[in-house]
Each structure stands twice: as C-alpha cells, then as structure tokens.
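First the structure, in the form of structure tokens, and then the observations on it.
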Amino acid sequence: MRVLFLSDHFGHAGGVIHGATRYFLTVLPKLQERDVQLSVAFLRESHPQADRLRQMGVEPKFFGRAKWNPLTVWDVWRIVKRERIQVIHAAGMKGILTARLAGRLAGVPVIAHLHDYLPVPPMLARPLRWTSGLATHTLTVSREVAKFADETLSIEPARTEVLANGMVIDEIEKTPVEDGVAFRNSIGITADAKVIGIIGRLVPVKGHDVLLRAMPGVLAKEPTARLLIVGDGPDRQLLESRAQELGLNGYVFFAGQVTDVYAALRAVDVCAMPSLSEGLPYVLLEAMAMGKPVVASAVGGLAEALRHCENGVLVRPSDAQALTKALISVMTDHLLADTIVAGGRKTVLTFDIANHIDRLVTIYLALAAGEAVPPRAVDNADHVAVVADESVTLDDDQAAKTPTSTEAGH
C-alpha cells in the first residue's frame, strides 16, 4: 500500500514547531510500522526538526518552492507517478489544494486532513472551495473543524469524518519527574513555585495576552505563582513588553522554543490554554496524559474534549477575570484538581495512537482498492466529551466563577 503524505511545511521559520509538526513526528513513523510504504513531502523548505523524523526512519522530501508556486503540482504529480502512489494524504491548506490538483491529474484518490479552523485568505479560500469535490475523503480533528470545512470550504458533511489526533500515551506518562525539575532549574524557577504553563506558538490566537492580564489577580491570591511561557513566534517581543507593563517582572518566564515538550510539561502544575480558537491541540492531550489539570477557553476542540470541572475547567475566551478565578480555584482546591486530573487521564485513553493508526490504515486500504470508506463502528466524535451547555451560557458573574469541589458534587 503506497501512500504519499503531503503538507505545506514541517514547521515555522527559525525552527519553530506547531501542532502539525507534533502530528508528523507522532504519526508518520507509526504508519511505516503498519505495512504502509510511505512517501513524505513538504512544499516549502527544509526544517531543523525534520532530523528527528529521519532518526525515526522517515525520510522527508522538501520541494523548497515559494508560497504560491504552481510547479508544486508538477512536483507532486511526478512523485505519484514515479513511486506508483495509490493514495495521497494531504494536510495544510496549500498542501490540500496541491494534492487535489495533482491527484486529479494522476487519477489517485486524495484525503484532505484539516487540523484547525484559522481564517483562510480569500485568494486561497476560493480555489479550495472550487476544488472541494476533488478530495475523496476529508478528516477533521474536531466537530468545530468539520463545521468550518462545510461552511467555509464547501466540503460536504457526508464526505467528512471527525478523527481526533492520536497520542503515544505510554511515552508521555513515563517522562521522569526529574526532567521537570531540571527544566525549572534551567530557567530559574524555584522548587516551591506553583507554575502555570502555556505551551504553543506566540501568536494572538493562543491567548497569551489574556493569560498575562489574568496573572496580577492570580498573584494577589497566590504569591508563589509563576507563569512559564514555552514556545516562540512573532508576538514574543510584544508579550515581553506586556509583561513589564503589568509589573510581572520576575513572575513570568519566557523559555522560548524547546525540543523536549514533555520535560516542560513536567515542570508545570497547571496547564493554561486561553486560546481564541482551536482544533484539537496536542498539548491538551499531552497535559491530560501527564496528569496536569487543564484550564482552557470553551472554544473549538477544547470545548468538545473537556467537561467543566470533570476533566478540566472551561472559561469564556478573552475573559481575563474568569481565567483568574479558574486558575486560583484549581491551584487552591486540591480536591477539584485531583478530580479533573483523574477525569483527564480517563479521557485521554480514547486518543491512544493505535486507534488513530488503525483508522488511517482502514481508510487507505478502502481508497486504494477503489471502495467506499467504511463507517466507523463508533463515530470518533462519540469518544469526545462535550462541554455542558450551562458552562458557557452563564451570566457574567457565574461565568467567571469556577465551582469548588463541594459545589461540583465531588
């Protein structure tokens, strides 16, 4: 079974990674273990993190084309013909568009895989809509992304399947506690600090500014609290200036880009995800697998995967006051924290990598044989906990309040 996996780029400039990078590193080596003759290609230039993929036995090709170079269609067509590819599995908007066109020219079925629902520029959205019928099957990481695929990209819901990201859970759980201690020491956070961590690219959609605005209130109640910001991106200088304006010098630590995300997660006590929109981020699943309580915005895949005060705490996006109260509750109410950690561990088991790989292989086999993709025995979306409506439709006072363990019935 010969499959071409195609995407826009492996990661961002300067060695910065994103959620899709984590997907490549997690899933592609596992596919090769399942009798899939896998070819991997990226439209843009090479990336430093690609060496990690090579170490795991996957040799990616990088076309190094400019962002809008139409010759990428020819690049992909040549690989399909030369390597007798049977299925193209494409991610990233330009990767999906290129795969659709090359797949049509070569007569090969295409899977479009959507990992988020960020705004698409009109000059790209239009051709994506025009070519929506050229993909045989579409995968999305959450219901919210599936809705985006229908409303923005004109992809028929009948050809869309929700398939959440898969995790190598054992690998995450066995990360030594000592790795977290060493990570704290490396950036100067003391052992007695209560660390709130946010891991992700430094861009507006991740909500770092909201978290910074929440920190003065957190510190008023918890003076030992510290904020660890892991990742890099175009907003770093702006966020560093914002931290100074808020008087947070000595309380906020910018770790920059790290290669060992699991060590960074071990270093935190609470994982914050105040995003303005999300597909289904890897760091959410990794935090739950590692036993870290999660406080997150009730948006996208976060709202689908978390139940308020059962396996996480949800707040309205952009609400710094609600975020402050939620963080304080999780940091001070140990019974509540223990409850959502236990709930998170139970939830993340449904995202085991084996289930994800099994489904991909089933889809590949069907498409390679020219058959319809068989329905799942249980729809993947049924494994994802849905946020209770009342947790996101409360009035202002209630929405900012997180129940204590007694109020939550624990």
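The values are calculated or read from the model by the stated rules, or taken from the named source; none is laboratory data. The structure displayed is predicted, hence computed values, not measured ones. Neighbour counts run over all protein chains shown; Cβ positions are idealised from the backbone, glycine included.
Check the range 222-235 and report whether any residue there is over 30 Å from Glu171 (Cβ atoms), assigned by TED's automatic domain parsing to the domain that holds Ser329 and in contact (Cβ under 8 Å) with a residue 40 or more places away in the chain. Yes, the conditions are met somewhere in the range 222-235.
Taken over the range 248-278, residues that are in contact with a helix residue (DSSP H, G or I) (Cβ under 9 Å, 6 or more places away or on another chain) and either assigned by TED's automatic domain parsing to the domain that holds Pro48 or part of a loop (DSSP other than H, G, I, E, B) (or both) amount to 15.
Restricting the search to the range 122-138, which residues are touching an Asp or Glu at 6+ places or on another chain (Cβ under 9 Å) and either free of Cβ contacts under 8 Å to residues at least 40 places away in the same chain or assigned to a loop (DSSP other than H, G, I, E, B) (or both)?
Step one: of the range 122-138, the residues touching an Asp or Glu at 6+ places or on another chain (Cβ under 9 Å) are 132-133, 137-138.
Ser132, Gly133, Thr138 - these are the residues of the range 122-138 that are touching an Asp or Glu at 6+ places or on another chain (Cβ under 9 Å) and either free of Cβ contacts under 8 Å to residues at least 40 places away in the same chain or assigned to a loop (DSSP other than H, G, I, E, B) (or both).
Only a single criterion out of (1) in a loop (DSSP other than H, G, I, E, B); (2) without any contact (Cβ under 8 Å) to a residue 40 or more places away in the chain is not satisfied by Leu105, namely (1).
State yes or no: is Ser7 assigned by TED's automatic domain parsing to the domain that holds Thr140 and touching a residue at least 40 places away in the same chain (Cβ under 8 Å)? Please lay out each step first, then the result.
Working: assigned by TED's automatic domain parsing to the domain that holds Thr140: yes; touching a residue at least 40 places away in the same chain (Cβ under 8 Å): yes.
The answer is yes for Ser7.
For a quick check of your reading of the model, give me the residue pairs whose first member lies in the range 139-164 and is within 11 Å of Leu280 (Cβ to Cβ), whose second is part of a helix (DSSP H, G or I) and of a type in the set (Lys, Arg), with beta-carbon atoms closer than 8 Å and at least 6 apart or on different chains. Once the first residue is within 11 Å of Leu280 (Cβ to Cβ) and sits in the range 139-164, its partners that are part of a helix (DSSP H, G or I) and of a type in the set (Lys, Arg) give Val162/Arg143; Leu163/Arg359. Suppose we filter Gly107, Gly64 for residues that are modelled with pLDDT of 95 or more, more than 24 Å from the chain's Cα centre (by Cα) and either among the small types (Gly, Ala, Ser) or under 30 Å from Ile198 (Cβ atoms) (or both); which single one remains? Exactly one of Gly107, Gly64 is modelled with pLDDT of 95 or more, more than 24 Å from the chain's Cα centre (by Cα) and either among the small types (Gly, Ala, Ser) or under 30 Å from Ile198 (Cβ atoms) (or both), namely Gly107.
Per the listing Gln55, Gln49, Gln37, the residue uniquely surrounded by fewer than 20 Cβ atoms within 10 Å (Cβ to Cβ) and at pLDDT below 85 is Gln49. On inspection, Ala146 qualifies as within 22 Å of the chain's Cα centre (by Cα) and of a type in the set (A, V, I, L, M).
For His208, the requirement of being touching a Pro at 6+ places or on another chain (Cβ under 9 Å), touching a residue at least 60 places away in the same chain (Cβ under 8 Å) and more than 24 Å from Gly11 (Cα to Cα) is not met. Within the range 311-334, residues that are in a strand (DSSP E or B) have Cβ atoms under 9 Å from residues that are of a type in the set (Lys, Arg) in these pairs: Leu314/Arg307; Val315/Lys325, counting only partners at least 6 apart in sequence or on another chain. Against the conditions (1) assigned to a helix (DSSP H, G or I); (2) over 22 Å from the mean Cα position of the chain (by Cα), Leu97 satisfies every one except (2).
Yes or no, residue by residue, for (1) in a loop (DSSP other than H, G, I, E, B); (2) out of contact with any Pro (no Cβ under 6 Å at 6 or more places or on another chain); (3) over 24 Å from Ala164 (Cβ atoms):
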residue: Val58; (1), (2), (3): yes, no, no
residue: Lys61; (1), (2), (3): no, yes, yes
residue: Arg65; (1), (2), (3): yes, yes, yes
residue: Val120; (1), (2), (3): yes, yes, no
residue: Lys147; (1), (2), (3): no, yes, no
